[in-house]
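To start, the structure under review is shown below, and the notes come after it.
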């Protein structure tokens, strides 16, 4: 009788098994479901409030306005992604994980795929609901075709780009958070660091009175650059083109993941 | 027969008072390297951001050209390529001083001028402006000389604030109330006696009431006196989700004077009219100027004689007060919040809380000791961060030729002490929240959402100004009011906005801090209750 698992077979199937193990860990935590539901609810609630309180003003960007909630929902995505790894450090589970799956970059990749994927799914629901809320509420606030405002529609190129881009934005924020949490390990430090990164650039840009620097800060900040993807009005005046902006955020996310991967690889757990 | 002596530990009983508990908690704090590093990071981040913000705000090309000379700040360079230099009043405070002045020299240390005002009107009301502004002013004025920012005292009628006596930009007392019209004219009088100017008003020119007597130090014997009119900008602020706009529109005021009487030595034989301050183009159809016929003077002017208010919304971009550059304190505060959270949650994570509570079974005292230790550590951190920021920001401003908005020293002291207190109370609030929720992630998130996010939303104008003002009234973020550098003046209409870079808060500095203290007290009460009622 042969043992069901041989070392050779296992190393062959490392990726699916790692993914499956991580999925089981994430799926069986009660907090995962609550956080995902919370992210959707917060995003939709804030977006709905923003469109319900909007007043007709020249040059108002309806797509951006309807997606305001993404800025609140991202905070929940940060918690979800940070807890994916820092929970393991706080309970000591990480040592079991790394014993079972010694290929550390694979573990991080599996976590990234799952955290990113879950946020992508939740983000898609949240963004669709937000766009729907904008579409239904805005005409009642005077944003009608008669007043020169186009109805929000996913059939419209820039609106579709803003919506899809917002979903990607949320997933990239989750990846950035995961990378930083892997590097610093503690959940409090990780959340503090990520939120400082997210909020500091816009505050600094609001304070600096030199327009040259203001623009630079908005180009390099993960949130300010990433949210350029939501712009549909006056796109030429944005510090970066929408996709360039999302690219800057992607660079941040990749950089954080590489940093986290290196720390995970070369430091004792 | 053997006597059995029960075992006694050879270790002496230690004292178990509150000071020992404090000492134990202090030892826990100082021996965790990460926490001490966290506090140092808070100081460095705050000061580093302050330095960066000043350096980035200074005009880059000017900074390069003036540093070559190496002889201190070069006013020339700053004026040539930076924002216009600040206009300063007799006490050194920034002021606005522009109006239309119909004047004559008044010689000697005595003399007086009396007029009757029969009308004060503004532009025809339109969609973008009201007709007459509440602080449109016209009346009589005695001024040291014709330069902007020189000492003055004036009696005036206003668009919506009755008769006022104002002097040296910040001084203001009220006289007769009600609007001026042909049916109810206002008589105004100014008399000079040495350095003292006394203002009177009257409804009939016979019965006079003294409004005020002010002392203008160092007034020369020859001064300028006459009639003036001016009207401040109309500032329309419209903000909603996704958009923010400040529109500044010029307005004008036109006043009609008669019964102009003078006493004393007036050497010139005629009146001279002219703009004080840069000649503004005025508004089409309503040029600044005056018209004299049969003892009646009609004077039209635009501008303001008042303290200046900082911020781009008020046309004063490029001269921010020092409190602005403490914006990096938000980042430092996040570090303090993280450390304060871990100071409590680490006890739960490591099970140390059971030892702590076994040693000191009165649980409220443990919480008090922890709050005192983390509060003091955060206070010192905040103090170091604020002092460091003020020093490096001021130095950098000197070096790069950036002219900071002058802030009186009591306000600067309050900024520093207030920032330290803000850090201390925020740390105590965090500790209490962490005691209640026990989990690091939840505690950090809750406190950051309560303190940092409202500040972020209002300062970046992400929410309409009305909502932002309420957020800065009721959330713990109200405490950032301690960082407001300059005062509001009731006699100046300006964009006193929390966002858009103006840096004004809806609450007074210490009232804002009190709101945070209230939240911290509530959280501490909740933490003490839960700590006693729940198993550790």
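Once you keep just the Cα pairs under 8 angstrom separated by 6 or more residues, what percentage relative contact order results for chain A? List each step's numbers first, then the result.
Working: 394 pairs, mean separation 60.5, N = 269.
Once divided by the residue count of chain A, the mean separation gives 22 percent.
Just from the alpha-carbon atoms, what are the Rg and Dmax of region A:111-269 in angstroms?
Values for region A:111-269 (Cα only, Rg and Dmax): 17.9, 64 Å.
Please arrange A:128, A:136, A:257 by how many other C-beta atoms lie within 10 Å of their C-beta, fewest to most. Each step should come with its number before you reach the end.
Details: A:128 15, A:136 12, A:257 22.
The order, fewest Cβ neighbours first, is A:136, A:128, A:257.
Work out, in µm²/s and without decimals, the Stokes-Einstein translational diffusion coefficient of region A:175-218 at 25 °C, 0.890 mPa s, Rh from Kirkwood over C-alpha pairs. All intermediate terms of the calculation are to be shown ahead of the outcome.
Working: Rh = 11.4 Å.
Roughly 214 µm²/s, to the nearest whole number.
Which whole number gives the average count of other chain Cβ atoms within 10 Å of the Cβ atoms across peptide A:59-69? Don't skip to the end; give the middle numbers.
Details: counts 3, 4, 2, 1, 1, 3, 4, 2, 1, 4, 0.
Across A:59-69, the average partner-chain Cβ count within 10 Å equals 2.
Please determine, in degrees from 0 to 90 and to the nearest 10, the orientation of helix A:157-184 with respect to the longest principal axis defined by the Cα atoms of chain A, where the helix direction is its Cα long axis.
Tilt of helix A:157-184: around 40 degrees.
Could you give the semi-axes, largest first, of the ellipsoid that matches chain A, computed as the square roots of 5 times the alpha carbon gyration tensor eigenvalues and rounded to whole Å?
38, 21, 15
If you rank A:189, B:157 by fewest surrounding Cβ atoms within 10 Å, what's the result? Can you show the working numbers first?
Values: A:189 24, B:157 27.
Taking fewest neighbouring Cβ atoms as first place, the list is A:189, B:157.
Run the helix sum for chain A: -39,500 (n - 2.57) per DSSP H stretch of 4+ residues, divided by residue count, reported at 222 nm to the nearest 500 deg cm²/dmol. Walk me through the numbers on the way to the answer.
Values: 12 runs with 201 residues, N = 269.
It lands at -25000 deg cm²/dmol.
With N denoting the number of residues in chain B, provide Rg(C-alpha) divided by 2.2 N^0.38 Å, to two decimal places.
Details: Rg = 30.5 Å, N = 536, 2.2 N^0.38 = 24.0 Å.
Relative to the rule-of-thumb radius for its length, chain B sits at 1.27.
Just to check, using Stokes-Einstein with a Kirkwood Rh over alpha carbon pairs, what's the diffusion coefficient of region A:60-167 at 37 °C and 0.692 mPa s in µm²/s? Present the calculation step by step, with values, prior to reporting the outcome.
On the way: Rh = 16.3 Å.
For the chosen part, D equals 202 µm²/s.
Between A:225, A:146, A:256, find the one with the highest GNM mean-square fluctuation for chain A; connect C-alpha pairs within less than 10 Å.
A:146
Sort B:164, A:104 so the one with the fewest other Cβ atoms within 10 Å of its own Cβ comes first. Write out the running numbers ahead of the final one.
Working: B:164 24, A:104 18.
Sorted ascending by nearby Cβ count, the order is A:104, B:164.
How high is the relative contact order of region B:172-265, given as a whole-number percent (alpha carbon pairs under 8 Å, six or more residues apart)?
On the way: 106 pairs, mean separation 15.5, N = 94.
About 17 percent, as a whole number.
How far is helix A:242-266 tilted off the main Cα axis of chain A, in degrees rounded to 10, range 0 to 90?
20
Rounded to two decimals, what is Rg over Rh for the protein assembly as shown when you use alpha-carbon atoms and the Kirkwood radius? Walk me through the numbers on the way to the answer.
Values: Rg = 32.6 Å, Rh = 30.2 Å.
A ratio of 1.08.
Mind ordering B:483-491, B:525-533 by average Cβ neighbours within 10 Å, highest first? Display every interim value, and only then the final one.
On the way: B:483-491: 19.0, B:525-533: 15.0.
Final packing ranking: B:483-491, B:525-533.
With a 10 Å radius around each residue's Cβ, average the other Cβ atoms per peptide and rank B:203-215, A:114-126, highest first. Each step should come with its number before you reach the end.
On the way: B:203-215: 13.8, A:114-126: 21.9.
For the peptides B:203-215, A:114-126, the packing ranking is A:114-126, B:203-215.
What whole number of Å gives the distance from the Cα centroid of region A:175-200 to the Cα centroid of region A:24-63?
Region A:24-63 and region A:175-200 have Cα centres spaced 21 Å from each other.
Below 8 Å between Cα atoms, with a sequence gap of 6+, how large is the relative contact order for chain B in percent? Write out the running numbers ahead of the final one.
Values: 1159 pairs, mean separation 101.3, N = 536.
Relative contact order of chain B: 19 percent.
Per-residue mean of other chain beta-carbon atoms within 10 angstrom of the beta-carbon, peptide A:209-216?
Working: counts 16, 11, 1, 4, 7, 2, 0, 1.
Across the residues of A:209-216, the mean count of other-chain Cβ atoms within 10 Å is 5.
Could you sort A:14-25, B:424-435, A:60-71 so that the peptide with the highest average Cβ count within 10 Å comes first and the rest follow in order?
Values: A:14-25: 15.4, B:424-435: 28.2, A:60-71: 25.5.
The densest-packed peptide leads the list: B:424-435, A:60-71, A:14-25.
Angle between the Cα long axis of helix A:187-207 and the longest principal axis of chain A, 0 to 90 degrees, nearest 10?
30
Rounded to a whole number, what is D in µm²/s for region B:95-307 from Stokes-Einstein with the Kirkwood radius over alpha-carbon pairs (20 °C, 1.002 mPa s)? The partial results should precede the final answer.
Working: Rh = 17.3 Å.
So the translational diffusion coefficient is about 124 µm²/s.
Determine the shielding of peptide A:47-54 by partner chains: average, over its residues, the number of Cβ atoms on other chains within 10 angstrom of each Cβ.
Details: counts 1, 0, 3, 6, 2, 1, 6, 5.
Taking all residues of A:47-54 together, the mean is 3.
Based on DSSP H runs of at least 4 residues, each adding -39500 (n - 2.57), what is the mean residue ellipticity at 222 nm of chain B after dividing by all its residues, to the nearest 500 deg cm²/dmol?
Details: 11 runs with 207 residues, N = 536.
Computed ellipticity for chain B at 222 nm equals -13000 deg cm²/dmol.
How far is the Cα center of region B:132-185 from the Cα center of region A:74-144, in Å?
62
Since every read-out is calculated from the coordinates, none of them should be taken as a lab result. Nothing here was measured: the structure is a model prediction, and the numbers come from that model. Note: ideal-geometry Cβ built from the backbone for every residue, glycine included; neighbour counts use all protein chains shown.
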